[in-house]
Amino acid sequence: MAKRSDMDHSLLIVVVAILAWLIPGAGHIFIKERKRGIIIFAAVTLTFLAGIYIGSIGVIDPVNSRPWYFGQMLTSPLVAIIGSATKSGDYIVYARPHDYGQIYTAVAGGLNLLCILNAMYMAHSGRGQLIGEEEEEDV
Amino acid sequence: MYNMVTILASFTAPIHIGTNPTAMLWMFPLLASVAIVYKATRMRVIFPLRFAKEVIILFATMSILMILAGIGLYFLVTILTS
C-alpha cells in the first residue's frame, strides 16, 4: 500500500513537471496554485512573445544557435514547432534585434525552468491552495 | 482575419533597434519579468498588494544595480581605452 502511495506521489511530481513545461504556469494551476500559475503564465509567455516580436521568429534557430535554442526550448516544447519552420534559414536576423530577441526568449526559458522546479517542489511538499487559505485567515 | 494575419506577420520581421544608449531601455521589461516570476515562486502566499509591493522593490533594486554596473563598466572601458 505504502509503495503504491510513493508511486502516486512520484507520478504526481512527473505530471506537474510535464504540465509546467508544456504550458508555463500549468503545473501550478494543476496543484491548485491558480494565482501563481496565472502570473507565471502571463510573465513567461509575454517575455517569450516580446523576444520573438523584437527579433522575429528567426531568433529561434536550431541550426546555427543551438545553445540558445536549448534555453528557448525550456519555455515549452511547442517552441520546436517554430524551430522546424526557421531551420530552413528563411528568417535570418542580425545585430541588436537578434541579440535582444535571443536574450528575451532564452531568459523566458530560464524563468520557466525555475517555475517547473518550484511546481515540482510544491507538489512534493504537498503545498497548495489549502495552505494559502489557512494563512490568509491568520493575517 | 486581416488583423490576425497582420499580428502574425509582425513576428516574422525584426523591429528596428538603434545603436544609441536608448537601446539599453530594453533591459527594463526583462527585469520586470524576472522580478514578477521570481516573486511568484518565492512568496509563500500570493496577496495581490503585498506581491505588487515586493515586485516593485525587487525591480527597483535590480534596475539600480544594473545602472550602477553599467556606469562602472563605462568608466572601466574609458580608463582602459584612453
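The values are calculated or read from the model by the stated rules, or taken from the named source; none is laboratory data. In this text the structure is predicted, and so the values were computed from the model without any measurement. Here Cβ is always computed from backbone atoms with ideal geometry, including for glycine, and neighbour counts include all displayed protein chains. All accessible areas refer to the heavy atoms of the entire protein, side chains included, with ligands and DNA or RNA removed. Shrake-Rupley method; radii C 1.70, N 1.55, O 1.52, S 1.80 Å.
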| note | Residues of region B:36-50 being touching a helix residue (DSSP H, G or I) at 6+ places or on another chain (Cβ under 9 Å) and farther than 20 Å from A:Ala108 by Cβ, in sequence order, are B:Met43, B:Arg44, B:Val45, B:Ile46, B:Phe47, B:Pro48
| Do we find that B:Tyr38 is surrounded by 10 or more Cβ atoms within 10 Å (Cβ to Cβ), hydroxyl-bearing (Ser, Thr, Tyr), in contact (Cβ under 8 Å) with a residue 12 or more places away in the chain and in a helix (DSSP H, G or I) in this structure? | yes
| Taking region A:111-126 only, how many residues are open to solvent by 40 Å² or more (accessible area, probe 1.4 Å) and not aromatic (Phe, Trp, Tyr)? | 7
| request: Within region A:61-100, work out how many residues are among the aromatic types (Phe, Trp, Tyr) and within 14 Å of another protein chain (Cβ to nearest Cβ). | output: 3
| Among (1) facing chain B (nearest Cβ under 8 Å); (2) within 28 Å of A:Ile29 (Cβ to Cβ); (3) open to solvent by less than 30 Å² (accessible area, probe 1.4 Å), the one test that A:Gly58 misses | (2)
| task | Scan region B:3-31 for residues that are of a type in the set (Phe, Trp, Tyr) and in contact with a Gly (Cβ under 9 Å, 6 or more places away or on another chain) and report the count. | result | 0
| query | Do we have any residue at all in region B:61-69 that's open to solvent by 90 Å² or more (accessible area, probe 1.4 Å), hydroxyl-bearing (Ser, Thr, Tyr) and either farther than 20 Å from A:Tyr100 by Cα or at pLDDT below 95 (or both)? | reply | no
| Any idea which of B:Phe75, B:Phe59 is closer than 30 Å to A:Ser56 by Cβ and either hydrophobic (A, V, I, L, M, F, W, C) or in contact with a Ser or Thr (Cβ under 6 Å, 6 or more places away or on another chain) (or both)? | B:Phe59
| request: Kindly check whether there is at least one residue in region B:37-49 that is closer than 16 Å to A:Thr47 by Cα, within 8 Å of chain A (Cβ to nearest Cβ) and not aliphatic (A, V, I, L, M). | output: yes
| note | Taking region A:68-92 and the residues there that are modelled with pLDDT of 85 or more and among the polar types (S, T, N, Q), the one that is surrounded by the most Cβ atoms within 10 Å (Cβ to Cβ) would be A:Gln72
| Which numbered condition B:Arg44 fails, given (1) over 30 Å from A:Asp90 (Cβ atoms); (2) open to solvent by 100 Å² or more (accessible area, probe 1.4 Å); (3) part of a helix (DSSP H, G or I) | (3)
| Within the set of pairs 6 or more residues apart or between chains, which connect a residue that is under 22 Å from B:Ile17 (Cβ atoms) and facing another protein chain (nearest Cβ under 9 Å) inside region A:32-51 to a residue that is of a type in the set (Ser, Thr, Tyr) and not in a helix (DSSP H, G or I) with Cβ atoms less than 9 Å apart? | A:Thr47/A:Thr75
| Of everything in region A:97-139 that's among the small types (Gly, Ala, Ser) and farther than 15 Å from B:Ser33 by Cα, which residue is modelled with the lowest pLDDT? | A:Gly132
